[in-house]
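Just below is one structure, and these are the notes that go with it.
The values are calculated or read from the model by the stated rules, or taken from the named source; none is laboratory data. This is a predicted model, so every value here is computed, not measured. Heads up, the Cβs are rebuilt from the backbone with ideal geometry, glycines too, and the neighbour counts pull from every protein chain shown. Each accessible area value is taken on the protein alone, full model and side chains, heavy atoms only, with ligands, DNA and RNA left out. Shrake-Rupley method; radii C 1.70, N 1.55, O 1.52, S 1.80 Å.
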Amino acid sequence: MALFAAGSGNAGATGADEGLQEALRRARLEERLLVVVLVGRSGEDASWVRAELSRPEWTEAVRPHAQVILPAEESPSVAARVAATEFPQLILLDGEGREVGRMKGKQPVAVLAKKLRRMVEAAERFRQSEATLKVNPLDPEALFWVGTYRWNRGDRFLAVECFQSLLDLGRGPVSVDGEILSVALRHLAQHRLDCGRLEEAEDFFRRALSSAEDDEHASSAAMGLSMCLRRQARVLEAIQVLEERFTQARVHAFLDQALFTLGYLYHEIGNREKASRYFGACREKFPDGLYGERSSRYFAHSRRSSAVAAWVPRGTREEAAAPGATATASTQAFTTPSFSGSSLIVEELR
């Protein structure tokens, strides 16, 4: 179902709504995609959009498709239809108004541009790949692109079917590209993590990490594995995975998220010195990004907090020495955390 059906304008539409409909009409006529950038009320959000989304790497990623920037407060109906609660938010639509992917803003623009190019490529390849599968249901590349397109659109179970078929092919005589397999493993791991099947998710993330050849894919798998370990209360192992991956000078992808997450995890176990170090590094390297801004708030909080007794995560030598002990997070640590999905989500400090 299209989020913004053709000709769905009405007499009460705002100027922003009408602008979106006109942009969609042009995209449909020109057979292009449309990037809708929803900006919140914050002046910092608007400044970030103006500065970052005018950079050459972003404009090149959008071309030859189109982009429209909409203030969410001027078009609440648009924000409601796409269920946008955090801004800036970038939604990729086809000419019929169907969502084919989305991203949250304030990531490094090079990362956003790379993600956008992959979403666009998946959308462009989808129809031909779907036709290929009707002739040959075991075509690895077609399975990958159909699965990726479905995943980007939020058709999670259809995507998982494609990725599982791709994984099954890799075990047989059919030759499957290693990087494609790594991405499929990562998506399958994420699905299991979101479903709470943590042991299976851990196994898939480890396999994805070991087979990844690309910096972005390996870093994404490491982030997922760390989240999975943390969900199992194996916090020290989660920290170890991130430090082994992201203290290397050559690693760039997801570095902002990794630095923030390391700060958060160290704070969670009571090591305020290392927490402050990672928060400080994140805000210094990424002052205008989402995780840089969060790190600034948590850095100040961590510095103010009094020392509290650290809890002992499961699986450590200390816990083995005291088998009756129960690991519980400090009540003075940050507010309620969640490692579900691909992002670390933490409630705002009060």
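Filter region 103-121 for residues that are small (Gly, Ala, Ser) and more than 11 Å from the chain's Cα centre (by Cα); which is most open to solvent (accessible area, probe 1.4 Å)?
Quick first cut of region 103-121, residues small (Gly, Ala, Ser) only: 105, 110, 113.
From what's left, more than 11 Å from the chain's Cα centre (by Cα): 110, 113.
On the way: ALA110: 60, ALA113: 1 Å².
Once the filter is applied, the top-ranked residue is ALA110.
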**Message:** Going by what's in this entry, would MET223 be described as within 17 Å of SER182 (Cα to Cα), in contact (Cβ under 8 Å) with a residue 60 or more places away in the chain and assigned to a helix (DSSP H, G or I)?
**Reply:** yes
**Message:** Can you confirm whether ALA249 is assigned to a loop (DSSP other than H, G, I, E, B), buried (at least 21 other Cβ atoms within 10 Å of the Cβ) and at pLDDT below 90?
**Reply:** no
**Request:** Could you pull out the residue among LEU138, LEU188 that is touching a helix residue (DSSP H, G or I) at 6+ places or on another chain (Cβ under 8 Å), part of a loop (DSSP other than H, G, I, E, B) and over 30 Å from ALA46 (Cβ atoms)?
**Result:** LEU138
**Message:** So, in region 131-176, how many residues would count as being surrounded by 13 or more Cβ atoms within 10 Å (Cβ to Cβ), of a type in the set (Val, Ile, Thr) and over 22 Å from GLU99 (Cβ atoms)?
**Reply:** 2
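How many residues does region 59-72 contain that are among the aliphatic types (A, V, I, L, M) and either in a strand (DSSP E or B) or in contact with a Ser or Thr (Cβ under 7 Å, 6 or more places away or on another chain) (or both)?
The total comes to 4.
Each row is one residue, and each column tells you yes or no for (1) surrounded by 21 or more Cβ atoms within 10 Å (Cβ to Cβ); (2) part of a helix (DSSP H, G or I).
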| residue | (1), (2) |
| --- | --- |
| GLU200 | no, yes |
| LEU236 | no, yes |
| GLU243 | no, yes |
| GLN257 | yes, yes |
| PRO287 | no, no |
**Request:** Go through (1) open to solvent by 10 Å² or more (accessible area, probe 1.4 Å); (2) within 19 Å of ALA275 (Cβ to Cβ); (3) touching a Ser or Thr at 6+ places or on another chain (Cβ under 8 Å) one by one and return the number of the condition SER220 breaks.
**Result:** (2)
**Request:** Could you list, in sequence order, all residues of region 212-243 that are among the charged types (D, E, K, R) and at pLDDT 95 or above?
**Result:** ARG230, ARG231, ARG234, GLU237, GLU243
**Request:** Give the number of residues within region 14-58 that are part of a loop (DSSP other than H, G, I, E, B) and without any contact (Cβ under 8 Å) to a residue 12 or more places away in the chain.
**Result:** 1
**Prompt:** TYR264: in contact with a strand residue (DSSP E or B) (Cβ under 9 Å, 6 or more places away or on another chain), within 30 Å of GLU200 (Cβ to Cβ) and at pLDDT 95 or above, yes or no?
**Reply:** yes
**Complete:** Note on region 14-49: residues open to solvent by less than 10 Å² (accessible area, probe 1.4 Å) and touching a Gly at 6+ places or on another chain (Cβ under 8 Å) are LEU24, ALA27, LEU34, VAL37, VAL49
**Request:** Any residue in region 170-188 that's closer than 16 Å to ARG118 by Cβ: show its pairings with residues that are among the charged types (D, E, K, R) and open to solvent by 30 Å² or more (accessible area, probe 1.4 Å) at Cβ separation under 7 Å, as long as the two are six or more apart or on different chains.
**Result:** GLU179/GLU213; GLU179/ASP214
**Request:** Mind listing whichever residues of region 52-65 are open to solvent by less than 50 Å² (accessible area, probe 1.4 Å) and either among the polar types (S, T, N, Q) or farther than 17 Å from ALA122 by Cα (or both)?
**Result:** GLU52, LEU53, TRP58
**Request:** Give region 202-217 a look and list any residue that's part of a loop (DSSP other than H, G, I, E, B) and open to solvent by 30 Å² or more (accessible area, probe 1.4 Å), or say none.
**Result:** GLU213, ASP214
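A quick yes/no check of all residues on (1) surrounded by fewer than 21 Cβ atoms within 10 Å (Cβ to Cβ); (2) β-branched (Val, Ile, Thr); (3) out of contact with any Ser or Thr (no Cβ under 6 Å at 6 or more places or on another chain):
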{"site": "SER75", "(1), (2), (3)": "no, no, no"}
{"site": "THR85", "(1), (2), (3)": "yes, yes, yes"}
{"site": "GLY101", "(1), (2), (3)": "no, no, yes"}
{"site": "ALA123", "(1), (2), (3)": "no, no, yes"}
